[in-house]
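The values are calculated or read from the model by the stated rules, or taken from the named source; none is laboratory data. Everything numeric in this text was worked out from a predicted model, so none of it was measured. Virtual Cβ from ideal backbone geometry, glycine too; neighbours counted across all protein chains shown.
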Amino acid sequence: MSEYTEHHMNEISVGMVEKKFYTFAEPPCEMNLESGHKLGPVTLAYETSGTLNPDKSNAILILHALSGDSHVAGYYQKEDPKPGWWDIVVGPGKGIDTDRYYVICSNVIGSCMGSTGPGSINPKTNIPYGLDFPVVTIGDMVKAQNELIEHLGINKILCVIGGSIGGMQVLEWSLRYPEKILSAIALATTPRHSALSIAFHEVARQAIIADPNWKNGKYYTGPKPDLGLSVARMIGHITYLSDESMRNKFGRRLQDKKDFSFNFDADFQVENYLRYQGKKFVERFDANSFLYITKASDYFDIAAQYGSGSLAEAFSRAKAKFLVVSFTSDWLYPTYQSRDMVKAMKKSGLDVSFCELASEWGHDSFLLPSENLSTLLKGFLGCVTSKTLH
Amino acid sequence: MSPQKPFTKNIRFDQELIASWIEPGSKVLDLGCGEGDLLHFLKNGKGVEETGIELSPEKTVACIAKGLSVIHGDINDEIPDYPDDKFDYVILSQTLQQVYEPADLIHSLLRIGRKGIVSFPNFSNWRIRLQLLTTGYAPITRQLPYEWYDTPNIRVITIKDFRKFSRTVGFTILKEIAITTRRDGAGTIVKLMPSFFAEFGIFLIERNHS
């Protein structure tokens, strides 16, 4: 996902939030991973807003995408230039209303935003894991989140919500822990990573691996593979936008010049934009984490994992009430992939709502202000709440 | 929204009649459910388990905003996914005249639903007959307000046609009712010469028992 839109402190907000940490799976009780490896201790960075009601029935778990983190809404401190990544949706009276719900968002394992990942210190060697960090899956991420939920004393989550790779975690939750969630909202996502999506991830990973500074992932004490990571981000960014949004936003307009430079500087605005996004990204993200999280999503295929190849069979395990939303211009996870999911849910007798929203902004649409999306979230959550709280 | 709100005020007369045929607590699928007024009434007033299918994304959003389970899609593409007898009632309200393969649709409707409720504008209404007779132009009425070249209503159906259709296609009509409506949504049941006076026909149908 790309950088979200700018907001101001005077807008409606959950206000100040705090980055919290929970550590579990201390050796010798390490966490068993899908790969067969063990990982421990595991720390999850997380954020909460709103108030957990006495019977703990109003918890909503938000799951972030590739480059996201646990900071979903509000501000860490007054001086922050930006709120959390989904502040447009999470807050008092917003689509996910923090006056009604207790909102939890945790950073995935493998990331570099506070949870245990390849940049964390390996307790066995006292240096960062690097490539000694085991490859994790979407299933492993969800398993770790479940530990946090249990730690918070929540038996049943009212709703799990996420877009893109966060949406994959939503689907995983619904199949791995069907008894623990009442409802699920999957936005701009897919039940299995397509060859096209894997291909883009692979090109991005190769850009990192080809950077001489990458050094097989052992770069934490020296210069970082910034060039590789920024190219990886540029590739990602193209897939998050759409032909239409790029045409409207940049067209063939030149950047601060009237004529071509006849060299390889950034002539076009779109080149300049991608370079800027790439440069900004390396300041906050770890290249190895990028490798691990993209790999986790490439492995994602719930039909294979839970249904011997059949999506309908996979969803026959699920119990949640579903809302699936896709966007017209999303070519990374196009609508047909959401429809496949909805079809399978219908065949399995699940209660599912689906809407394809019109948007020119491509895959990123789920992160941008949309009255329709907020209306859908509010209506769906309201219905789930009225069923459970009475 | 106050829970005491009388739901009947929000639905049209024809929808009220359709609702009156539906047993409380049953499973209902509304094909082309619009903004979900009927489903909302059935859910809150009769405790039905509701599902809707709606082609327009804006109307789908309006339905989900009401807390209804609705799928944005084409009814022909969406019906095949449901298992046999999934629903107690499948409603096709004022949509039959827009369907390409009505016989196939009725069969699938009665495959996934134990009963079907079908309503449509009656093309043999006296105003339509009179317009065609006197003006020579394709009739335009409040129920069928389009020109011949921009109408989504590709079929003209009369109450008599539908009865004949039931015999040809092979389904049973359990109940039928004919009505006229007013602009404000109110209406009257037509008992005298419905084929001539009614603006809409509403039919409760089921599979033939062979």
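General remarks:
- Test: residue in region B:141-152 that is touching a residue at least 60 places away in the same chain (Cβ under 8 Å) and over 16 Å from the mean Cα position of the chain (by Cα): no
- Pair list, Cβ < 6 Å and 6+ apart or interchain, from region B:44-56 residues that are surrounded by fewer than 16 Cβ atoms within 10 Å (Cβ to Cβ) and at pLDDT 95 or above to residues that are part of a strand (DSSP E or B) and not β-branched (Val, Ile, Thr): B:49/B:27
- Enumeration of residues in region A:45-68 that are under 30 Å from residue A:197 (Cα atoms) and in contact with a Lys or Arg (Cβ under 9 Å, 6 or more places away or on another chain): A:45, A:46, A:47, A:67
- Identity of the residue in region A:226-272, surrounded by 16 or more Cβ atoms within 10 Å (Cβ to Cβ) and charged (D, E, K, R), that ends up farthest from residue A:362 (Cα to Cα): A:226
- Qualifying residue in region B:180-192 (condition: more than 28 Å from residue B:20 (Cβ to Cβ) and at pLDDT 95 or above): no
- Scan of region A:145-192 for residues that are in contact with a Phe, Trp or Tyr (Cβ under 6 Å, 6 or more places away or on another chain), buried (at least 24 other Cβ atoms within 10 Å of the Cβ) and either within 17 Å of residue A:304 (Cβ to Cβ) or aromatic (Phe, Trp, Tyr) (or both), ordered by number: A:168, A:189, A:190
- Every pair of residues 6+ apart whose Cβ atoms lie under 8 Å, when the first sits in region A:20-32 and is under 12 Å from residue A:152 (Cα atoms) and modelled with pLDDT under 95 while the second is surrounded by 14 or more Cβ atoms within 10 Å (Cβ to Cβ) and not aromatic (Phe, Trp, Tyr): none
- Check on residue A:377, within 10 Å of another protein chain (Cβ to nearest Cβ), buried (at least 24 other Cβ atoms within 10 Å of the Cβ) and in a helix (DSSP H, G or I): yes
- Residue A:304 surrounded by fewer than 24 Cβ atoms within 10 Å (Cβ to Cβ), out of contact with any Leu (no Cβ under 9 Å at 6 or more places or on another chain) and either within 12 Å of chain B (Cβ to nearest Cβ) or not aliphatic (A, V, I, L, M) (or both): no
- Of the residues making up region A:311-336, those that are in contact (Cβ under 8 Å) with a residue 24 or more places away in the chain and in a loop (DSSP other than H, G, I, E, B) are A:316, A:317, A:318, A:319, A:320, A:328, A:329, A:330, A:331, A:332, A:333.
- Hits in region A:256-299 - residues which are closer than 18 Å to residue A:114 by Cα and not in a helix (DSSP H, G or I): A:283, A:284, A:285, A:286
- Each residue in region A:337-358 was checked for being outside any strand (DSSP E or B) and free of Cβ contacts under 8 Å to residues at least 60 places away in the same chain, and 11 of them qualify.
- With respect to the conditions (1) within 29 Å of residue A:233 (Cα to Cα); (2) in contact with a Gly (Cβ under 6 Å, 6 or more places away or on another chain); (3) not in a strand (DSSP E or B), residue A:27 lacks only one, and its number is (1).
- In this entry, residue A:94 is excluded by the filter for residues that are within 25 Å of residue A:40 (Cβ to Cβ), touching a helix residue (DSSP H, G or I) at 6+ places or on another chain (Cβ under 9 Å), surrounded by fewer than 24 Cβ atoms within 10 Å (Cβ to Cβ) and of a type in the set (Lys, Arg).
- Residues within region B:49-67 that are touching a Phe, Trp or Tyr at 6+ places or on another chain (Cβ under 8 Å) and not polar (S, T, N, Q), tallied: 2
- Residues in region B:75-108 that are more than 13 Å from the chain's Cα centre (by Cα) and small (Gly, Ala, Ser): B:103, B:108.
- Breaking point among (1) without any contact (Cβ under 8 Å) to a residue 24 or more places away in the chain; (2) out of contact with any helix residue (DSSP H, G or I) (no Cβ under 9 Å at 6 or more places or on another chain), for residue A:122: (2)
- Conditions (1) under 18 Å from the mean Cα position of the chain (by Cα); (2) away from chain B (no Cβ under 14 Å); (3) buried (at least 19 other Cβ atoms within 10 Å of the Cβ); number of the one not met by residue A:295: (3)
- Some residue of region A:197-220 being touching a Pro at 6+ places or on another chain (Cβ under 9 Å), polar (S, T, N, Q), on the phi < 0 side of the Ramachandran plot and assigned to a loop (DSSP other than H, G, I, E, B): yes
- Matching residues, region A:333-344, being crowded, with 24+ Cβ neighbours inside 10 Å and under 18 Å from the mean Cα position of the chain (by Cα): A:333, A:338
- Criterion (more than 26 Å from residue B:166 (Cβ to Cβ), in contact with a helix residue (DSSP H, G or I) (Cβ under 7 Å, 6 or more places away or on another chain) and assigned to a strand (DSSP E or B)) met by exactly one of B:91, B:71, B:53, B:64: B:71
Matching residues to (1) on the phi < 0 side of the Ramachandran plot; (2) over 23 Å from the mean Cα position of the chain (by Cα); (3) more than 7 Å from chain B (Cβ to nearest Cβ):
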| residue | (1), (2), (3) |
| --- | --- |
| A:346 | yes, yes, no |
| A:357 | yes, no, no |
| A:366 | yes, no, yes |
| A:373 | yes, no, yes |
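- In region B:58-97, the residues that are more than 13 Å from every other protein chain (Cβ to nearest Cβ) and either over 27 Å from residue A:376 (Cβ atoms) or surrounded by fewer than 17 Cβ atoms within 10 Å (Cβ to Cβ) (or both): B:76, B:88, B:96, B:97
- Residue within region A:34-48 that is touching a helix residue (DSSP H, G or I) at 6+ places or on another chain (Cβ under 8 Å), crowded, with 17+ Cβ neighbours inside 10 Å and assigned to a loop (DSSP other than H, G, I, E, B) present: no
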